[in-house]
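The values are calculated or read from the model by the stated rules, or taken from the named source; none is laboratory data. All figures in this text were calculated on a predicted structure; none of them were measured in a lab. FYI the Cβ positions are ideal-geometry reconstructions off the backbone, even for glycines, and counts take in every protein chain you see. Keep in mind that these areas ignore ligands, DNA and RNA; they rest on the heavy atoms of the full protein, side chains included. Shrake-Rupley method; radii C 1.70, N 1.55, O 1.52, S 1.80 Å.
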Amino acid sequence: MKIRFKDKEVARSVNALQNEYKVVAKEKDRQGEYVYTYFNDELHVMKTSGDHIEITDDDMSDMIQRNDLGFGNEFYINEFFIQLLPVNNGHLINISHIWSASKVFRYFEKYNYQIPDSYRDKALNENYKIGLIEGFLMAIKPYMERKFMGGNYFESFEFYKGKAVSEIELNINDSLEELNVSEYKELLKNFIEKYLHDTEENTSNSKAFSNTLFALIDSLFIYDITRIFSYKTFYNNCFVIEHQNEYYYLKQFWWG
């Protein structure tokens with residue numbers, strides 16, 4: 001389904017100057033009127049009523065009906081989009097976070113959207129994302145370390161792109177094990193939560209920090225992850241992710 005704005009001034013006011021726009025969701029509001037969700041020229045999520053637009057293509061074959069997402073009201077959403085970015089009942093479609101913005105790129109790619117620099121410089125910028133991860137790890141380092149204060153043992157995280165696993169030379173007592181890639185999300189979350197924690201009273205903070213770190217790392221991977229590994233040495237415990245022939249390491253290490 002595609003729509004076009006009737007009035008150029010209205011289109012200009014919402015930064016939607018192209019000839020037509022693909023509808024990602026169509027829903028019926030409480031007044032019984034249809035509302036259309038689309039991405040404007042800056043790939044911001046926008047909604048418009050039928051008063052301002054005309055339908056240029058009414059083909060909804062790539063949409064599925066999910067009234068549960070509209071509190072029982074009529075609700076249709078692009079099937080491929082919701083596979084990439086799950087939407088819960090009552091939650092607005094939102095791609096403001098780097099994770100969600102990254103995950104929906106395949107939708108933009110599939111439907112030949114024009115990609116603006118404002119999106120490309122963040123959602124498609126690996127250096128930008130790695131910078132976010134490194135900054136976050138610096139911020140939580142004191143949180144991770146304070147439970148060891150007063151002792152001679154400390155733990156921390158480091159994230160980086162590294163060599164291919166085929167190039168790793170194992171020393172005595174080192175180990176390299178391929179893990180089940182279908183369990184990637186669960187295994188990475190468990191790996192993070194195992195080490196990113198403080199006291200039991202701060203469990204909620206630890207959980208929030210863990211979820212944030214997972215989302216930042218996962219935002220790097222737009223396409224399917226190929227393989228995952230556990231790589232351990234005396235000082236280091238690494239979760240290794242292979243994606244598009246590149247290797248990403250989340251390293252938990254200790255010193256003392």
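For E109, the test of being open to solvent by less than 30 Å² (accessible area, probe 1.4 Å) and among the charged types (D, E, K, R) is failed. Looking only at residues that are in contact with a helix residue (DSSP H, G or I) (Cβ under 6 Å, 6 or more places away or on another chain) and within 17 Å of I133 (Cβ to Cβ) in the range 189-199, which one is most open to solvent (accessible area, probe 1.4 Å)? Among those that are in contact with a helix residue (DSSP H, G or I) (Cβ under 6 Å, 6 or more places away or on another chain) and within 17 Å of I133 (Cβ to Cβ), it is K189. Residues in the range 231-256 that are part of a strand (DSSP E or B), without any contact (Cβ under 8 Å) to a residue 24 or more places away in the chain and either under 20 Å from the mean Cα position of the chain (by Cα) or within 15 Å of D218 (Cβ to Cβ) (or both): H243 only. Restricting attention to the range 77-89, and to residues there that are closer than 23 Å to R30 by Cβ and open to solvent by 40 Å² or more (accessible area, probe 1.4 Å), which single residue is modelled with the highest pLDDT? For the range 77-89, the residue satisfying everything is N88. Name the residue that is nearest to the chain's Cα centre (by Cα), counting only residues in the range 157-199 that are of a type in the set (S, T, N, Q) and more than 17 Å from I228 (Cα to Cα). The qualifying residue nearest to the chain's Cα centre (by Cα) is T199.
Under the condition of being assigned to a helix (DSSP H, G or I) and hydroxyl-bearing (S, T, Y), the residues counted in the range 98-113 number 3. For the structure I just gave you, tell me whether F39 is over 17 Å from I222 (Cα atoms) and either open to solvent by less than 30 Å² (accessible area, probe 1.4 Å) or touching a strand residue (DSSP E or B) at 6+ places or on another chain (Cβ under 6 Å) (or both). Against the criterion (over 17 Å from I222 (Cα atoms) and either open to solvent by less than 30 Å² (accessible area, probe 1.4 Å) or touching a strand residue (DSSP E or B) at 6+ places or on another chain (Cβ under 6 Å) (or both)), F39 qualifies.
Out of F71, F105, F80, one residue alone is touching a residue at least 12 places away in the same chain (Cβ under 8 Å) and under 15 Å from the mean Cα position of the chain (by Cα). It is F105. One residue is enough: does the range 46-64 have a residue meeting the conditions open to solvent by 50 Å² or more (accessible area, probe 1.4 Å) and of a type in the set (G, A, S)? The answer is yes, given that some residue of the range 46-64 is open to solvent by 50 Å² or more (accessible area, probe 1.4 Å) and of a type in the set (G, A, S).
None of V23, V14, V45, V87 is hydrophobic (A, V, I, L, M, F, W, C), within 26 Å of the chain's Cα centre (by Cα) and over 30 Å from Y223 (Cβ atoms) except V14. Checked against (1) outside any strand (DSSP E or B); (2) open to solvent by 20 Å² or more (accessible area, probe 1.4 Å), L69 meets all criteria but (2).
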